[in-house]
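The block underneath contains the structure these notes are about, expressed in structure tokens.
Derivation of every value follows stated rules applied to the coordinates shown; laboratory data play no part. What you are looking at is a predicted structure, and each value in this text was computed from that prediction instead of being measured. Cβ: placed from backbone, ideal geometry, glycine included. Neighbour counts: every protein chain shown.
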Amino acid sequence: MKFILAPDKYKGSLTGQQFCEIVERGIRRVFPNAEIVHMPLADGGDGTMEVVKYYLKVSKVSVSVQDPLFRDVESGYLISKGKETAFVEMSEASGYKLLEKDELNCMLTTSYGMGQLIAHAIKQGAKEIVLGIGGSATNDAGMGMAKALGYQFLDEEGNQLTPIGENLVKVSKIDVSNVLPGLKNIQIKVACDVNNPLYGKEGAAYVYAPQKGASPEDVVFLDEGLQSFAKVVQQQFGVDVQQIPGAGAAGGIGAGTKVFLDAELISGIDLVKSMADFDNAIDGADWIITGEGQLDGQTLSGKTIDGVMQSAKAKNIPVATLCGSVAVSMEELETMGLHYVTSILNGIGTLEDAKRKSVENLEQASYNFAKLLNQARK
């Protein structure tokens, strides 16, 4: 039998590569001679750089940048062998993983460090940049990123503003006179896995800011700031960012990359599948086994499992899903079209207990699936 192992990470617990190694152990207890192909995936969120590294000939470039609170931090990005293409992950410079829990406050955080990584890659000669924008700690609509590339944000009196979320509402003019010269010659793709608008009840502030330390009052203020910022952008650049699907991604970075970088927002999972030559690799597979930390209502909205399902359906390959937890109804599972779904949780405990036991629980779940499959074949 041929099994394709194509998971996303279990956030805070297992990488995609670790998932593949563990699941292979469980399967080989039942099918010792099976052909098992490891194909870890990602959808543009944090962890995407590791997956890119798995498939492509790239090297890491280390850079000192500023973190979401303007503190110096060692970061980096990946660059292809010929230095033509750079792969920048927002979370490496402007992600919440760089902050303590009590430091999360997207009124005060910036995407400046991400912009520093982009600027460094351009100066190194990169002609194409691929951005992964998951895991951000920000709600600044890309102001920080743009400032690192030479844009200046001014208030009504012409004073320069610090590029943070609470200053969005103060932006009156955007000065483009000092923008990095090489920026206009770079092709930039943004791996984006959401379609949220910039502002409103489904926008960046209302949907994502509470996870980044914003109070209910902050959310209202940030949303007003995003609306005000969008008006300034439309006046100066003639772009109605509210009409761009995904503009609200990563605290408005979707809009910022479109306006300030002339970037193309693309499906993160489609991009990674292309790098992995996924659709050709799955030819002849009997099963694809995928998984993520939690299977929920967002799973079919451009996430990794959604991308796996699209490829599998085109070739009539059944898909098994091994997840940390499953938070969907039976009706939703029917809609998803998955052939086998299980949570790997074994026993009652805390989230930390589940993370500690994820290796043994995942191996047990994959072994159980393989046993069931073997019985069905007899």
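Just to compare against my own numbers: the Cα pair-distance distribution for region 1-87, 5 Å bins, whole % per bin, please.
Values per bin, smallest distances first: 3, 13, 17, 16, 17, 14, 9, 5, 4, 2, 1.
In Å, the Kirkwood hydrodynamic radius of the chain over pairs of distinct alpha carbons? Don't skip to the end; give the middle numbers.
Details: mean 1/r = 0.0465 Å⁻¹.
So the Kirkwood estimate lands at 21.5 Å.
Using a simple spin-label model with points 7 Å from Cα along the Cα→Cβ vector, what separation in nm is obtained for F237 and K315?
Roughly 3.9 nm, to one decimal.
Classify region 184-321 as rounded, prolate or oblate from the Cα gyration tensor: take a ≥ b ≥ c as the square roots of its eigenvalues, call it rounded if a/c is under 1.5, otherwise prolate when a/b beats b/c and oblate if not.
Numbers: a/c = 3.48, a/b = 1.75, b/c = 1.99.
Oblate shape, in that a/c is at least 1.5 and b/c is the bigger or equal ratio.
Using 0.36 nm per residue, how much length does the chain from K101 to K123 gain when fully extended, once their Cα-Cα distance is taken away? List each step's numbers first, then the result.
Numbers: separation 22, 0.36 × 22 = 7.92 nm, distance 3.42 nm.
Result for the pair: 4.5 nm of gain on full extension.
Run the quick spin-label model on K57 and E224: label points 7 Å from Cα toward the beta carbon, then report their separation in nm to one decimal.
If labels sit at K57 and E224, their model points lie 5.6 nm apart.
Based on the mean of other beta carbon atoms within 10 Å per residue, what is the order of 134-140, 333-339, most packed first? Can you show the working numbers first?
Working: 134-140: 30.0, 333-339: 14.0.
The packing order, highest mean first, is 134-140, 333-339.
Can you check what the Kirkwood hydrodynamic radius comes to for region 129-241, Cα pairs only, in Å to one decimal?
For region 129-241, inverting the mean 1/r across all distinct Cα pairs yields 14.9 Å.
Which whole-number percent is the relative contact order of the chain (Cα, under 8 Å, 6+ apart)? Before the final figure, lay out each step's value.
Numbers: 866 pairs, mean separation 70.8, N = 378.
For the chain, the relative contact order is 19 percent.
Relative to the longest principal axis of the C-alpha atoms of the chain, give the angle of the C-alpha long axis of helix 304-314, reported between 0 and 90° and rounded to the nearest 10°.
Between the helix axis and the principal axis of the chain, the angle is about 60 degrees.
Restricting to Cα pairs below 8 Å that are 6+ residues apart, what does the relative contact order work out to for region 48-268? Please round to a whole percent. All intermediate terms of the calculation are to be shown ahead of the outcome.
Values: 550 pairs, mean separation 42.6, N = 221.
The normalised contact order for region 48-268 reaches 19 percent.
How large is the convex hull of the Cα atoms of region 48-268 per residue, expressed in Å³ as a whole number? Numbers along the way, then the final one.
Values: hull volume 23.3 nm³, N = 221.
Dividing the Cα hull volume of region 48-268 by its residue count gives 105 Å³.
Calculate, for S215 and I36, the FRET efficiency according to 1/(1 + (r/R0)^6) with r their C-beta to C-beta distance and R0 51 Å; round to the nearest 0.05.
Values: r = 48 Å, r/R0 = 0.95.
According to the calculation, E is roughly 0.60.
Structure shown: which of K184/K258; K170/K212; K201/K258 lie over 19 Å apart, alpha-carbon to alpha-carbon?
Values: K184/K258 12 Å; K170/K212 21 Å; K201/K258 21 Å.
Checking Cα-Cα distances, K170/K212; K201/K258 exceed 19 Å.
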